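A.B. asks: For reference, the structure I am asking about is given below.
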Amino acid sequence: MAGRRLSGLQKDVLRLYRDCLRATRKKPAETRPRFRAFARQEFEKNVRTVKRTDVQAIEYLLRIGRRRMEQYASPNVRDISF
């Protein structure tokens with residue numbers, strides 16, 4: 001199956017999403033679904049509101065997303081509500 005080539009920015013977005021999902025594995029089993037749902041919701045929200053060609057907005061959201069992931073990946077954060 002021949003896949004479509006992804007741009008560097010697209011690869012960065014996918015990497016962040018995968019990292020977010022990996023970070024959920026370190027959370028208590030009862031709260032993992034909420035962390036996964038939150039990550040998915042944030043990515044889907046931005047897919048609908050940001051144009052693919054708006055590189056500045058995508059880079060900004062990547063920086064924000066990385067910072068949030070670092071905060072939520074902390075062992076002190078055990079649950080999330082949204």
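A.B. asks: Which whole-number percent is the relative contact order of the chain (Cα, under 8 Å, 6+ apart)?
C.D. replies: After rounding, I find 43 percent.
A.B. asks: Check every DSSP H run in the chain and write down those whose alpha carbon atoms cover 30 angstrom or more along the long axis and whose mean Kyte-Doolittle hydropathy is -1.0 or greater.
C.D. replies: Span-like helices in the chain: none at all.
A.B. asks: Determine the calculated [θ] at 222 nm for the chain from helices alone, applying -39500 (n - 2.57) to every DSSP H run no shorter than 4 residues and normalising by the residue count; nearest 500 deg cm²/dmol.
C.D. replies: Rounded to the nearest 500, the figure is -22500 deg cm²/dmol.
A.B. asks: Further question: Is segment 29-82 best put as rounded, prolate or oblate by its Cα gyration tensor, with a ≥ b ≥ c the root eigenvalues, rounded for a/c under 1.5, and otherwise prolate when a/b is larger than b/c, oblate when not?
C.D. replies: oblate
A.B. asks: Suppose the chain between Arg40 and Arg15 were pulled fully straight at 0.36 nm per residue; how much longer would it get relative to their current alpha carbon spacing?
C.D. replies: 7.6 nm is the gain from fully extending Arg40 to Arg15.
A.B. asks: Among the lysines, which fall within straight-line cross-link reach of Lys26, defined as a Cα-Cα distance under 26 Å, with same-chain neighbours fewer than 8 residues apart omitted?
C.D. replies: Filter leaves Lys11, Lys45.
A.B. asks: Can you give the accessible area of Arg68 in Å² (nearest 10), computed on protein heavy atoms with a 1.4 Å probe?
C.D. replies: 90
A.B. asks: Return the carbon/sulfur percentage of the accessible area of the chain, one whole number, probe 1.4 Å, all protein chains in place.
C.D. replies: 51
A.B. asks: Per residue, what accessible area does segment 11-82 have, given a 1.4 Å probe and all protein chains present, in Å²?
C.D. replies: 78
A.B. asks: Can you give the local net charge around Val77? Use residues other than it whose beta-carbon is closer than 12 angstrom to its beta-carbon, Lys and Arg +1, Asp and Glu -1.
C.D. replies: Combined, the nearby Lys, Arg, Asp and Glu give +3.
A.B. asks: Ser81: accessible area at probe 1.4 Å, nearest 10 Å²?
C.D. replies: Solvent-accessible area, nearest 10 Å²: 110 Å².
A.B. asks: Another question about this same structure. I'd like to know which of Val50, Gly8, Thr24 lies farthest towards the positive end of the charge dipole of segment 2-59, counting +1 on Cβ of Lys and Arg and -1 on Cβ of Asp and Glu.
C.D. replies: It is Thr24.
The values are calculated or read from the model by the stated rules, or taken from the named source; none is laboratory data. Keep in mind the model is a prediction, meaning the values are calculated, not measured. Glycine also receives a Cβ, built like all others from the backbone with ideal geometry; neighbour counts cover every protein chain displayed. Note: accessible area is taken over every heavy atom of the protein model, side chains too, but ligands, DNA and RNA are not part of it. Shrake-Rupley method; radii C 1.70, N 1.55, O 1.52, S 1.80 Å.
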